[in-house]
Amino acid sequence: MTTATTRTFRTTPNASTGDTTARDSPAAAMPSLPSLTGLRWMAALLVFGLHVNNFGYFGGTGGRLVSWGFGAGATGVSFFFVLSGFVLTWSARPRDRVLAFWRRRIARIYPVHLVTLAVALVMTYTLANQPRLTPKQTLSNLLLLHSWWHPWWQTLDPVSWSLACEAFFYASFPLLFLLLRRLGARGSTVLGGLSVAAVMVLAWADAHHWWRYPLYSFPAARLPEFVLGAVTARLVLLGRWRGPGLEASLALAIIGYFLVPQITPGYSATVCTIAGFTLLIPAAAVADVQGLPSLWRRRRLVRLGELSFAFYMIHLLVLRSATQLLGTKPHFGLLAGIAVTTAAFTVSLGLSWLLYEAVERPARRLLLRGRRRPAVQQDATQAGREAPAEARD
C-alpha cells in the first residue's frame, strides 16, 4: 500500500500523436502513488492550522508565529484542486462509461458529506449563536450547489464549499479526458498554458473587483487548476513530462506559499502557488513510478493521508463546537494555546478515523458492490484519492 511496486507501467509515445498505447490497453497496470497521499495530509494540516489561526487560539508572540506559518493555508485548496485533476486523469479508464465514473465519484465523497452535513444541522439547532438556515440553503448544501451562490458558500459545514467545486469538476471530467486523449502531448501543453493564463486573468479580475462576488469559491473559476492537474498527469502518462525533481518542486511550492501575504487576499493567492503545486504533484508521482526517494511515502504519513478527507470534513465542526467552551478568539498564551490546539487536533483526528472506518470505506464498498473492478481499472491507489480542502472560515 505504501510503495510503488507495480512495474508494468509503460510510457512509449506514438511517433505521430505522442499518445501511448500501453496506457490505454486493458492489460496495463498503473503504479501506485503513495507520495500523493503523504502530500495530501500535509495540505490538510495546513488547512487545520489556518482555522486554528482564524479561531484565535493563540495571542501575542504565539499568535504571530501561527499567523506566519498558517496564514496562507488557504492556498491548500488550490493544491487539492490540482491534485484532483491529476489523480482522476491518472486513474481514468479509457473505455469507462460516464455514469460508472460518476457513481464512483459519488461513492467517494457523498457518504462522509451526508454525515457531516447531519452533524452540522444538529449543531445549528442545539448550540448557541448558530445561524438558522432556510430550506433552500440546506437543499443547496445537500446537492453540493451552494458554492455557485456566494451568500451560501459556507453554510452548514463550511468546508463543503470546495466539494461543490469538486462536483462541478466531476461533471466536466469526461469531456476533459476525451479532449486530452485527442490533443496529445503538444496540445495538452498548450491547454496547460491556457489554464495558467486563465488563473492570472481571474486573479487580476478578482483583485480589481471585476465580478460582483469574490471568485475564490466560484466553481467555474477554480476549473483551470483542475485542468492543470489533468494536463500534467497526461504528460506523465505519455512520458513527456519534463518538470524539475521533487526537491526543487517542493522548494518552489514553499517559496510561493510564503509569498502569499504580499498580495491581495482571496483568489489572487493562487498566482503565488500555482506553479509550485503544478510541478510538485507530478514530481512526486514520477518519484513513485521510478522508485526515487520520497519522504512523503512513509507509512504513517500515508495512513494519515488516507484519513485526510474525513479530517478535512470534520475538523472545522470540532473547532466551531469548541467555541461554546472556549469562547470566540480566546487568544491564549503559548502553552495554553498549544494544549487547546493539541486537544482539538486529537479529537478531530479520532473522529476522522471513525468516519473513515465506519462511514467512508464501508459506504464505498456498499455503493460499488457488484461492480467488477479489474486491477488496471482501480484507482491509482488509496494514496492518490483526491480530497478537496477548505480554504478559510
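Does residue 240 satisfy being in contact with a strand residue (DSSP E or B) (Cβ under 8 Å, 6 or more places away or on another chain), farther than 25 Å from residue 268 by Cα and surrounded by fewer than 20 Cβ atoms within 10 Å (Cβ to Cβ)?
Yes.
Would you call residue 97 among the basic types (Lys, Arg) and touching a residue at least 12 places away in the same chain (Cβ under 8 Å)?
no
Looking at residue 134 and the list (1) open to solvent by 30 Å² or more (accessible area, probe 1.4 Å); (2) out of contact with any helix residue (DSSP H, G or I) (no Cβ under 7 Å at 6 or more places or on another chain); (3) touching a residue at least 12 places away in the same chain (Cβ under 8 Å); (4) polar (S, T, N, Q), which single condition is not satisfied?
If we test residue 134 against (1) open to solvent by 30 Å² or more (accessible area, probe 1.4 Å); (2) out of contact with any helix residue (DSSP H, G or I) (no Cβ under 7 Å at 6 or more places or on another chain); (3) touching a residue at least 12 places away in the same chain (Cβ under 8 Å); (4) polar (S, T, N, Q), just (3) comes out false.
When you check residue 347 against the structure, is it open to solvent by less than 50 Å² (accessible area, probe 1.4 Å) and not polar (S, T, N, Q), yes or no?
Judged against the criteria, residue 347 is not a match.
Within segment 272-289, restricting attention to residues that are of a type in the set (Gly, Ala, Ser) and open to solvent by less than 50 Å² (accessible area, probe 1.4 Å), which residue is farthest from residue 227 (Cα to Cα)?
Restricting to residues being of a type in the set (Gly, Ala, Ser) and open to solvent by less than 50 Å² (accessible area, probe 1.4 Å), the top hit is 287.
Do we find that residue 37 is modelled with pLDDT of 80 or more, surrounded by fewer than 24 Cβ atoms within 10 Å (Cβ to Cβ), part of a helix (DSSP H, G or I) and of a type in the set (Val, Ile, Thr) in this structure?
No.
Give me the helices (runs of 4 or more DSSP H) completely within segment 265-362, filtered to those with at least 1 residues that are in contact with a strand residue (DSSP E or B) (Cβ under 6 Å, 6 or more places away or on another chain) and over 30 Å from residue 247 (Cα atoms), ordered by residue number.
334-355
Identify all residues within segment 200-218 that are part of a helix (DSSP H, G or I) and either buried (at least 22 other Cβ atoms within 10 Å of the Cβ) or among the charged types (D, E, K, R) (or both); write none if there are none.
Result: 202, 203, 206.
Could you tell me whether segment 44-55 includes any residue that is of a type outside the set (A, V, I, L, M), in a loop (DSSP other than H, G, I, E, B) and modelled with pLDDT of 95 or more?
Yes, there is a match, as at least one residue in segment 44-55 is of a type outside the set (A, V, I, L, M), in a loop (DSSP other than H, G, I, E, B) and modelled with pLDDT of 95 or more.
Find the residue count for segment 116-131, including only residues that are open to solvent by 50 Å² or more (accessible area, probe 1.4 Å), part of a helix (DSSP H, G or I) and touching a residue at least 24 places away in the same chain (Cβ under 8 Å).
2
For residue 32, state whether it is more than 19 Å from residue 163 (Cα to Cα), crowded, with 24+ Cβ neighbours inside 10 Å, at pLDDT below 95 and of a type outside the set (Asp, Glu).
Considered against the rule, which asks whether it is more than 19 Å from residue 163 (Cα to Cα), crowded, with 24+ Cβ neighbours inside 10 Å, at pLDDT below 95 and of a type outside the set (Asp, Glu), residue 32 comes out as yes.
Residues that are open to solvent by 50 Å² or more (accessible area, probe 1.4 Å) and assigned to a helix (DSSP H, G or I): does segment 72-91 have at least one?
The answer is no; no qualifying residue exists.
Kindly check whether there is at least one residue in segment 264-271 that is open to solvent by less than 20 Å² (accessible area, probe 1.4 Å), more than 20 Å from residue 166 (Cβ to Cβ) and touching a residue at least 60 places away in the same chain (Cβ under 8 Å).
Taking every residue of segment 264-271 in turn, at least one turns out to be open to solvent by less than 20 Å² (accessible area, probe 1.4 Å), more than 20 Å from residue 166 (Cβ to Cβ) and touching a residue at least 60 places away in the same chain (Cβ under 8 Å).
Answer yes or no as to whether residue 190 is modelled with pLDDT of 95 or more, in a helix (DSSP H, G or I), open to solvent by less than 70 Å² (accessible area, probe 1.4 Å) and of a type outside the set (S, T, N, Q).
The answer is no for residue 190.
Mind checking which pairs have a first residue in segment 235-261 that is touching a residue at least 24 places away in the same chain (Cβ under 8 Å) and a second that is open to solvent by 80 Å² or more (accessible area, probe 1.4 Å) and among the basic types (Lys, Arg), Cβ under 9 Å, 6 or more apart or different chains?
Hits for this filter: 235/242; 239/10; 240/186.
Tell me which residues, restricted to segment 137-151, are open to solvent by 40 Å² or more (accessible area, probe 1.4 Å), outside any helix (DSSP H, G or I) and in contact (Cβ under 8 Å) with a residue 12 or more places away in the chain.
Matches in segment 137-151: 145 only.
Being within 20 Å of residue 277 (Cα to Cα) and open to solvent by less than 50 Å² (accessible area, probe 1.4 Å): is that true of residue 184 here?
Answer is no for this residue.
The values are calculated or read from the model by the stated rules, or taken from the named source; none is laboratory data. Computed from a prediction, not measured in an experiment: that's the story for all the values here. All Cβ positions, glycine included, derive from the backbone under ideal geometry; neighbour counts span all protein chains shown. Areas reflect the complete protein model, heavy atoms only, side chains present, ligands, DNA and RNA absent. Shrake-Rupley method; radii C 1.70, N 1.55, O 1.52, S 1.80 Å.
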